[in-house]
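**Student:** Quick one: the structure is below, and I'll ask about it shortly.
The values are calculated or read from the model by the stated rules, or taken from the named source; none is laboratory data. Remember, predicted model here, so these are calculated numbers, not experimental data. In this analysis, Cβ positions are derived from the backbone assuming ideal geometry, glycine residues included, and neighbour counts consider all displayed protein chains.
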Amino acid sequence: MVSYKELGLVNSREIFRKAMAGKYAIPAFNFNNMEQMQAIVMACVETKSPVILQVSSGARKYANQTLLRYMAQGAVEFAKELGCNIPIVLHLDHGDTFELCKSCIDLGFSSVMIDGSGLPYNENVALTKKVVEYAHQYDVTVEGELGVLAGIEDDVAAEHSAYTRPEDVEDFVKKTGVDSLAISIGTSHGANKFKPEQCTRNADGILIPPPLRFDILEEIEKRIPGFPIVLHGSSSVPQDKVAIINKYGGALKDAVGIPEDQLRKAATSAVCKVNIDSDGRLAMTAAIREVLALKPAEFDPRKYLGPARDALKELYKHKVVDVLGSDNKA
Ligand code: G3H
Ligand code: 13P
Ligand code: ZN
């Protein structure tokens, strides 16, 4: 059993309290490898932002849970070396069993998500409560979820979304004891968040997605005032990155995300945590494709992973400063 406190990590309680009071949101960026982790830490140190490092089940399989935990411990030391001891949370993204959450808590994670959103309501309550009871013994914070996001990722898949029912949230929070709640108001996972027929097109033929359901968010806020809300599936799918990928041999069709002005608006509400993964994947892939296409003789991975890391860092800084408003809040 390792306590995250010994590793210099923090749980999400205090940073969410401050985000709620200050009307901004904390970035939750997924990482699977060293370059992503370096870019996240460099961007958040330079902007003096707290950050949540997220590890998905897919990341655990790809990179190994133990190695990722040591990388997060390294991230704390790296941030200090860069000159700012920013609050860093190590969070399990989309945990689906009690055993997985327990294993992460025992290894030094400071926060876990138990995603029972696909289960019948009472089973979601029971599973979430069980994780909370274990996690709180070690002062680890827990995110639950009500409502289903559409979208396909390696390990997170649902064909149809179901908005969160505001009439359920008070009961869920009371019965489970969760510290934050992920809700479904129209965001979705991946780079193709909406089908073209769900969107309109602007004069340039760019797809414009349907707006988020701020009415549902407001109703939820009324029922659980001051309670930290989480938005998953919050990539904006920057069209300049999609264009670079497609210019250099990619084949991304009808990729569309959540407009940043809607996320900016959400960040000033009870939304305290915003999950962004796909935008980082796009930035990284665009940079790598460009280098390999323009310099076909290049075969030193540092020569394409380095520019990818630079592009990621710029993307993360933009999210912190221009979208979430968490700069200078460390
Ligand atoms: O919500 C899902 C995250 O983007 C992680 O995706 O399971 O492919 O690592 P992944
Ligand atoms: P995106 O696919 O929109 O980046 O969402 C990531 C996410 O919700 C991770 O849990
Ligand atoms: Zn998610």
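**Student:** Just need a number here: residues in the range 278-326 that are under 17 Å from Met42 (Cβ atoms) and of a type in the set (Gly, Ala, Ser).
**Tutor:** Result for the range 278-326: 7.
**Student:** For the range 37-60, which residues satisfy the criterion of being under 16 Å from Gly95 (Cβ atoms) and either in contact with a strand residue (DSSP E or B) (Cβ under 6 Å, 6 or more places away or on another chain) or touching a residue at least 24 places away in the same chain (Cβ under 8 Å) (or both)?
**Tutor:** Of the range 37-60, the ones under 16 Å from Gly95 (Cβ atoms) are 52-60.
Within the range 37-60, Ile52, Leu53, Gln54, Val55, Ser56, Ser57, Gly58, Ala59 qualify.
**Student:** Looking only at the range 120-160, which residues are within 15 Å of ligand 3 (Cβ to nearest atom), at pLDDT 95 or above and surrounded by fewer than 19 Cβ atoms within 10 Å (Cβ to Cβ)?
**Tutor:** none
**Student:** List the strands (runs of 3 or more DSSP E) that sit entirely inside the range 1-97 and contain at least 2 residues that are over 25 Å from Leu305 (Cα atoms). Can you show your working first?
**Tutor:** Details: elements: 26-30, 51-55, 88-95.
Where strands (runs of 3 or more DSSP E) fall fully within the range 1-97 and carry at least 2 residues being over 25 Å from Leu305 (Cα atoms), they are 88-95.
**Student:** Here are the criteria: (1) crowded, with 24+ Cβ neighbours inside 10 Å; (2) within 12 Å of ligand 2 (Cβ to nearest atom); (3) of a type in the set (A, V, I, L, M, F, W, C); (4) farther than 22 Å from Asp179 by Cβ. Tell me which single one Leu312 does not satisfy.
**Tutor:** For Leu312, the exception is condition (2).
**Student:** Also, quick follow-up: Which residues, counting only those in the range 1-36, are within 18 Å of Leu282 (Cβ to Cβ) and without any contact (Cβ under 8 Å) to a residue 40 or more places away in the chain?
**Tutor:** Result: Asn32, Asn33.
**Student:** Now for a different question. What are the residues in the range 126-151 that are in contact with a Gly (Cβ under 8 Å, 6 or more places away or on another chain) and part of a helix (DSSP H, G or I), if any?
**Tutor:** Leu127, Thr128, Lys129, Val131, Val132, Glu133, His136
**Student:** How about the range 62-79: which of its residues are touching a residue at least 60 places away in the same chain (Cβ under 8 Å) and loosely packed, with under 14 Cβ neighbours inside 10 Å?
**Tutor:** Correct list: Glu77 only.
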